[in-house]
Structure formats: C-alpha cells, structure tokens
Amino acid sequence: MRLINQRPGHGERIVLGAMLFILLVAAYMIGSHMRLAANPDDKLLPSLPQMGAAIWQLAFTPEQRSGDYLLWTDTAASLARLLGGIAISALLALLLGIPTGLIPRAQAALAPFVTAICLIPPITILPILFIVFGLGETSKVMLIVIGTAPYMVRTIAQAVADIPSEQIVKGLTLGANTWQMILRVALPQIMPKLITAIRLGLGPAWIFLISAEAIASTGGLGYRIFLVRRYLSMDVILPYVAWITLIAFVLDRLLLAYSRRRYRWAHLSGASL
Amino acid sequence: MSFVVAKNLWVSYGPVSILERVSVSVERGTFCTIVGASGCGKSTFLRLLLGQEQATRGEIHVDGKAIPAEPTPERGIVFQKYSVFPHLTVLQNLTIPAEFGGAPVTARLFGRAKAEASDKARAMLAKIGIGHAGDLYPAQLSGGMQQRLAIAQALLKQPKILLLDEPFGALDPGIRADMQELLLSIWRETGMTIFMVTHDIAEAFRLGTRLIVFDKVRHDPHMPSAYGATITYDLRLKNGKLDGDTGERMLAPVILEKERVAHA
C-alpha cells in the first residue's frame, strides 16, 4: 500500500505524536550531561534536576524581599495583561468589524482607516505609549490592543461580509431591522470566527506582552526571563519558556473546546485544528 | 384588476444591458413560472420584484402602489441555497420571524409570547413534513429538507407574494416531485401569488398558471451585451397545458435551442 493511504492506529498515533517531544528532551539531556561532565559549574545547559530546583524555589518559596511566590505572581501579572488586551481587542473587533462588514456607510467610513492602522508596526508605537501612558499597566495592555485589534477588526469585518447576501435578504423579508440583523444574524454567525481570530491573535499578543515586559516592568513572565538573563540563569529561563508555551497551549485548547461546545453548528463539517 | 404590474422595466449595469422593455401584469393568486436561457435576466427580474435591486427605468406596482426599494415581509423569498440561517436549529429558524416582529430591541421573545411562537413553529414544521427534525441544524438536513424549511420560514410572515429562485434546482428528481406537490398544495391553500424562476421547463408547465419566457430578441454580434432580454412568450396555462394547444411541445425546442446557443 502506498504511504499516502497508510493510516496510523490509535496507539501508533500517540507514539508518533510523542516521538519528537521525547527526542528533544533526550537530545537536551545528553547535551546537558556532556557539558556538566566537562564543567560542573556550566550554566548553559542545566540538568533537569537543576531546573526543577530553580523553578521549585520560584514557585513554592517566598521571595525574601517581597514575600511573593514569583512564578505565580509573574503568571498572574502577565495573564492579566494578555487577557485584558485580547478582551479589549475582541470587543473592538465586534464593535467596529460588524458595522464595517454589514453596513455600507460604516464600511465607507471605517475600512480605509482600519486598513491603514493595520500597517503600522505596533512595536514602533511602544515608545509613544510609554510617553503617553507612562510605564504602568496601561501602556502594556495598549500595546497588545494595538498589535492585535486592527487585524481582528478586519477579520471580523470580512467574516460578516462573507455571510451570503441571501441570508441578509431573507432576514429583511422576515421583518428584521438593522439592529436585529446584527444581533441575530451577524453576531452569532461570526462568534466562532472571532474565537478563531482570538486564537490566532494570541500568538502576536504574547510577543507584544513579552516585549513590553522586557523593556519596562517590575513583574511578569517576560520581565523575569529578561531579568535573570543577566545571570545566565538558563535553569529559570528554560522552564519559564516551557511554562509560557504550556499556558498558550491550554488557552488555545480551551477556546477551541468552548467554540465546539457553544457553537456546535459551526463545527458540523470539516476538521478544525 | 391586476395585482402585480411591471411597467416597461429596463436594467443595465453601465454598458451591459440585462433587461429591456419588460412589461407584464399578473392577477392575484397566479402561479407564474419564469424560464429562459442562462444569464437572460430571470433572476434579475425576481430581484426587482423583491426590491433587492432597482430597475434603471420603469417601475413595479403591487396592488396599485409602487413597491418599496428594499425587501419587506410582504414578499417572501426562497433561494436555491443559503436560504436558512445555519446557526439556528430548524425550530429556531421558524421562531425567528416572530421574534423579529415581536421584539424590536432584543429580537428575542420570552414567556407566553415565546411559547406561542414555538407552537406556531411546531405546527408549521409538522405541516411541511419535517416535524421530527426540530432540534437539528440545517447542515444536518438533506437538500430537500433544507428547502422545505426555507419554504416554511418564508410562509410564516404570510407574504402576499412568494418569490422562488430555482428552489429545487439542486434536488434529486424524486425529491423534486415531492417538493412540487408541496408547493402546489401550499399555493392552493394560501392563494398566494407565486413567481418561480426555474431551469426546468417541464416543471414550469406543470406548476404554472402563467408561464413567461425571457430571451434576447435583439443581437449585436460585435457586442453581445448591448441588448437585454425581454419577455418573448407570455402563456396562460391550465393543468400544465396551453389552453387548447400542446404548448410544451411547441415551446420546448425553442428554449432548448437558446439554451444550447447560450452555453456554446
């Protein structure tokens, strides 16, 4: 049988899926072991127990000066910024995207502006944000909003515009006014696409979050990574990167699961990754 | 008195003419079938009746009044596809007209009004023969059932005029025959005026009491889009036959020839 027609069974699928992860960890452990054997004080590739000890300290030992459990305070600070920024972006996407896609006058007024705003590299706005909003939370959240909202507005506007005109006409013949059309025809139909846009937007949102935290912050996952970089603390940086990846993964899966559950009609055909 | 009157309609998009000199008047309760080659403006004519599109010249009157320039509940529509809301279950698709009408701000009904709308929707479901499918989404229905739902939805606002744009074009022949029966029984029961665009000339003869044919009568070989189509045949039918004539046999070769030329 040709390769294209050979399908892995359930068990094989799990083994194949785990294979690259195991290879990566094994390769790291070998490299780490070799370097530590040559120089026990090597900081570049710490062993798994070293990383475990470092992260244990951050997670379950209060910091001497502030008494905080740093892993958790960092996570809480970063998540608040990330989710706050994404939530504002999603709200903007609905408030601007639906009229843009549905109402010709709104489209004429908004579409050129949003398209232009989309083209500004968000990170170039960061100094302006720091000047205007100071170094506090506002500028970090704003950076995430500026980085993700224009794209999400466009995605939602396009999604609304892609609703077949037959459905809009049908709504009109069933007596809907413009507001009812937004509420019952456009909004529920684009919600699954908004969730997809959020899932895709979380990628850039993390980048902007870590960048903002690296430059000016007193807490957060990105702040911690860039802080301990000065001491070559790979035993903290590597687990933090893994932790951030895990959070990103869990957020993505939660959103997908919510979409499947709440908007079952949108997942009736086709695979969703 | 004529119920629907089209007076000298012209439709053109820039230099491209779609319809020209279209005049027709139709009595209340007529089942008017519309046939013609592809791209000859049948669907454009239907969109004019719907108010989705405006004629470049000429006007349409219903009951003596010019029709509004946008679709309204007085004229129901069933398209070939995308006619129902994919995000609503079958039952929700049938309660939403009542919710549009009864709740201008929330577009949702509660309590007794909701129960009433649900009862009405369930009665319509049973009548249209999909009573078992109330909780399914349209994507889970067969093509025939989706069109049943679309017709049921259009009927709920009790429109005076029902417009159908090739509603059975994508259905299997057996299902199509069932749907034709359903449509005829609804028409007899409600006395609505129906305009139905179809590709199937046998269907047009079988269902219609009036058959109009769109075609181009003027041709410019150097600029095929210079002239639009107009009504070339306007036939009154009885039981699928031209009064005192074997109309179908007379007309079929004409249209088939046009269809062949248009596709070539």
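Just so it is clear, none of the values below were taken in a lab; they were calculated from the coordinates. Since the structure is predicted, the reported quantities are computational estimates derived from the model, not experimental observations. For neighbour counting, all protein chains shown are included, and Cβ atoms are generated from backbone atoms with ideal geometry for every residue, glycine included.
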Apply 1/(1 + (r/R0)^6) to the Cβ-Cβ distance of residue A:137 and residue B:132, taking R0 = 45 Å, and write down the FRET efficiency to the nearest 0.05. 0.25
Proximal aspartates and glutamates to residue B:157, defined as alpha-carbon separation beneath 20 angstrom and excluding residues fewer than eight positions away on the same chain: A:166, B:63, B:70, B:74, B:99, B:116, B:119, B:165, B:189
For the protein assembly as shown, what are the per-bin percents of Cα-Cα distances with bins 20 Å wide, up to the bin holding the maximum? 17, 37, 27, 15, 4, 0
Which angle between 0 and 90 degrees, to the nearest 10, do you get for helix B:247-263 versus the longest principal axis of chain B when only C-alpha atoms count? 90
Using a simple spin-label model with points 7 Å from Cα along the Cα→Cβ vector, what separation in nm is obtained for residue A:60 and residue A:231? 2.0
Can you work out the base-10 log of I(q)/I(0) for segment A:146-273 at q = 0.09, 0.10, 0.11, 0.22 1/Å, using the Debye formula on its C-alpha atoms alone? -0.41, -0.49, -0.56, -1.26
Net charge near residue A:90: determine it from the other residues with C-beta under 14 Å of the C-beta of residue A:90, scoring Lys and Arg +1 and Asp and Glu -1. +3
List the lysines whose alpha-carbon lies under 18 Å from that of residue B:160, not counting same-chain residues fewer than 8 positions away? A:170, B:65
Can you run phi through the Karplus equation (6.51, -1.76, 1.60; θ = phi - 60°) for segment B:55-63 and list ³J(HN,Hα) in whole Hz, with x for Gly and Pro? 6, 5, 9, x, 8, 10, 10, 10, 6
Likely footprinting exposure, B:200, B:220, fewest C-beta neighbours within 10 Å first: B:220, B:200
Over 32 Å, how big is the tail of the calculated P(r) for segment A:61-265, in percent of all Cα pairs? 28
Which three extents, in angstrom, do the Cα atoms of segment B:104-197 have along their principal axes, listed largest first? 43, 31, 22
Taking the 0 to 90 degree range and rounding to the nearest ten, how far is the long axis of helix B:173-190 tilted relative to the main principal axis of chain B, both from C-alpha atoms? 80
Please identify the helices of chain A, taking whole runs of DSSP H, that span at least 30 Å along their own axis as judged from the Cα atoms and have a mean Kyte-Doolittle score of -0.5 or higher. A:10-38, A:70-102, A:137-161, A:187-215, A:234-262
Quick check on the protein assembly as shown: helices-only [θ] at 222 nm, where DSSP H runs of length 4 and up contribute -39,500 (n - 2.57) each and the sum goes over total residues. Nearest 500, please. -18500 deg cm²/dmol
Quick one: Cα centre-to-centre distance for segment B:143-182 and segment A:91-151, in angstrom? 45
Within 10 Å of each Cβ in peptide A:182-189, how many partner chain Cβ atoms are there on average? Round it to a whole number, please. 4
For chain B, the Cα-Cα pair-distance distribution in 5 Å bins from 0, as whole percents, is 1, 6, 12, 16, 17, 16, 13, 9, 6, 3, 1, 0, 0, 0
Label model pair residue B:189, residue A:6: point-to-point distance (7 angstrom along the Cα→beta-carbon line) in nm is 6.0
Using the 10 angstrom Cβ neighbour count as an exposure proxy, how do A:65, A:154, B:206 rank, fewest first? A:65, B:206, A:154
Treating only the Cβ of Lys, Arg, Asp and Glu as charged (+1, +1, -1, -1), what charge dipole size does segment B:80-158 show about its Cα centre? Round to the nearest 20 debye. 100
Please report A:166, B:59 as a ranked list, fewest other C-beta atoms within 10 angstrom at the top and most at the bottom. B:59, A:166
